[in-house]
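Only one structure is covered here, and it is reproduced in the block below.
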Amino acid sequence: MQRVFSGIQPTGIPHLGNYLGAIRNWAAMQADHDCVFCLVDMHSLTMPWTPEDLRKQTLGSAACLLATGIEPTRLYNQSAVSAHARLGWIFNCVSRLGWLNRMTQFKDKAGKNRENHSAGLYVYPNLMAADILAFHATRVPVGDDQKQHIELANDIAQKFNHDMGTDFFPQIEAFIPPAAARVMSLRDGTKKMSKSDPSEQSRIVLTDTPDEIALKIRRAKTDSEVLPSEVEGLGDRAEARNLVAIYAAMSGETMSDVLARFGGQGFGPFKSALADLLVEKIGPVATETARLMQNEDHIISVLRAGADRAREISEPIVQEAERLVGFIR
């Protein structure tokens with residue numbers, strides 16, 4: 001049974017894109033993989049934050065993940081397990097500046113004002129490598145935009161092994177589930193759905209009420225044409241393609257199946273059907289999340305138990321890495 005590691009930043013309640021692109025697959029992978037799921041709260045410090053928001057969002061994200069079917073013993077918050085930070089520092093010293101300079105996500109997040117961003121935002125790919133390799137995980141479910149980080153993690157592992165004369169760290173496989181959906185903004189079909197978008201109408205979060213879901217879908221940007229009967233007819237209609245893709249992903253159908261049913265119709269009936277489908281699938285998650293959030297002590301106890309399991313796995317691995325580099329314990 002291969003070990004899988006995956007993490008998500010607790011920077012807000014997960015949205016539909018997080019669910020279809022990752023979280024739904026996490027729950028399914030638990031049956032045939034040794035899974036470790038982490039709320040990467042240390043990564044959250046790479047961008048502006050407040051302590052109150054970080055605590056609240058960590059608990060809310062934990063409740064939401066548990067509500068989607070993540071087993072409690074597999075979930076913990078990153079900062080509770082020191083192996084991440086210890087191996088992350090070693091990897092800061094193994095990784096090369098030239099490798100980090102090629103990381104496109106830093107350029108995207110920092111923009112033109114790079115000099116005013118934290119050093120953490122620049123080196124966080126090294127910590128991401130440590131997150132994975134502290135567990136000797138060999139599979140990491142990621143989207144296409146994260147494949148570059150897996151390549152860097154493998155470069156770091158290979159250099160560590162070469163420098164230390166060992167084969168200690170394994171090769172990591174970027175696992176992109178075939179059913180993973182790339183969900184775009186409801187306000188701009190050319191941009192990914194994001195927690196950081198200033199418009200609440202751009203995304204559906206997993207705690208939205210049925211009325212909120214229906215309103216957001218009704219207001220979702222479309223065009224004046226009817227839905228085509230063939231996928232090719234979506235062409236450069238980014239917003240139409242996005243809504244059809246969401247329906248297909250939520251229903252388990254192909255986009256061709258969806259268009260065979262709704263092709264030739266306007267967006268009114270289709271949006272109504274999509275809203276009903278989302279309420280059916282997401283409504284139970286919102287209800288269970290709300291129930292869990294009424295007992296913060298229970299969520300904290302779940303995270304602590306998950307951290308105990310994570311330490312049992314990672315501590316021997318990181319202690320051996322520390323021995324290999326010459327640290328005296």
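For residue 173, the residues 5 or more places off, or on other chains, whose built amide H falls under 5 Å of its own are 139, 140. Normalised by 2.2 N^0.38 Å, where N is the number of residues, the alpha-carbon radius of gyration of the stretch 180-225 equals 1.13. Largest first, the extents of the alpha carbon coordinates of the chain on the three principal axes equal 70, 44, 42 Å.
Put simply, when 307-314, 253-260 are sorted by average Cβ atoms within 10 angstrom per residue, most first, you get 307-314, 253-260. For the stretch 60-171, the square roots a ≥ b ≥ c of the C-alpha gyration tensor eigenvalues yield an a/c of 1.5 or more together with a/b not exceeding b/c, which makes the shape oblate. With contributions of -39500 (n - 2.57) from each DSSP H run of at least four residues, the per-residue ellipticity at 222 nm computed over the chain stands at -16500 deg cm²/dmol. Scanning residues 5 or more positions from residue 184 or on other chains, those with amide H under 5 Å from its amide H are 193, with H placed 1.01 Å from N in the peptide plane. From the Cα gyration tensor of the stretch 4-95, with a ≥ b ≥ c the square roots of its eigenvalues, which class applies: rounded if a/c is under 1.5, or else prolate if a/b is larger than b/c, or else oblate? It comes out oblate by the Cα gyration axes. Accessible surface of the chain, 1.4 Å probe: 52 percent of it comes from carbon and sulfur atoms. The HN-Hα couplings worked out from phi for the stretch 302-308 by the Karplus form 6.51 cos²θ - 1.76 cosθ + 1.60 (θ = phi - 60°) are 5, 5, 5, 5, x, 5, 4 Hz, whole numbers, x standing for Gly and Pro. Heavy-atom accessible area for residue 13, with the other protein chains in place and a 1.4 Å probe, reaches approximately 50 Å². Heavy-atom accessible area for residue 298, with the other protein chains in place and a 1.4 Å probe, reaches approximately 80 Å².
Give, as a single signed number, the net charge of other residues whose beta carbon lies under 14 Å from the beta carbon of residue 133, with Lys and Arg counted +1 and Asp and Glu -1.
Result for the local shell: -4.
So what is the accessible area of the chain per residue, in Å², with the probe set to 1.4 Å?
On the way: 15420 Å² over 329 residues.
About 47 Å² of surface per residue is accessible.
The Cα atoms of the stretch 107-240 give a gyration tensor whose axes a ≥ b ≥ c have a/c of 1.5 or more with a/b greater than b/c, which makes the shape prolate.
Convex hull of alpha carbon positions in the stretch 197-329: directionally averaged projected area 13.5 nm².
Students often check this: by mean Cβ neighbours within 10 Å, which of 113-119, 131-137 ranks highest, and how do the rest follow? Walk me through the numbers on the way to the answer.
Values: 113-119: 9.9, 131-137: 25.0.
So the order, starting with the most tightly packed, is 131-137, 113-119.
Under 5 Å from the amide H of residue 7 lie the amide H atoms of 38, each residue being 5 or more positions distant or on a separate chain, with H modelled from the backbone and absent for Pro and chain starts. Note on the stretch 180-264: Rg/Rh from Cα positions, Kirkwood definition for Rh, rounded to two decimals, is 0.96.
The values are calculated or read from the model by the stated rules, or taken from the named source; none is laboratory data. Small disclaimer: the values here were computed from a predicted structure and weren't measured. Counting neighbours? That spans all protein chains shown, and the Cβs are built from the backbone with ideal geometry, glycine included. These area figures cover heavy atoms from the full protein model, side chains too; ligands, DNA and RNA do not enter into them. Shrake-Rupley method; radii C 1.70, N 1.55, O 1.52, S 1.80 Å.
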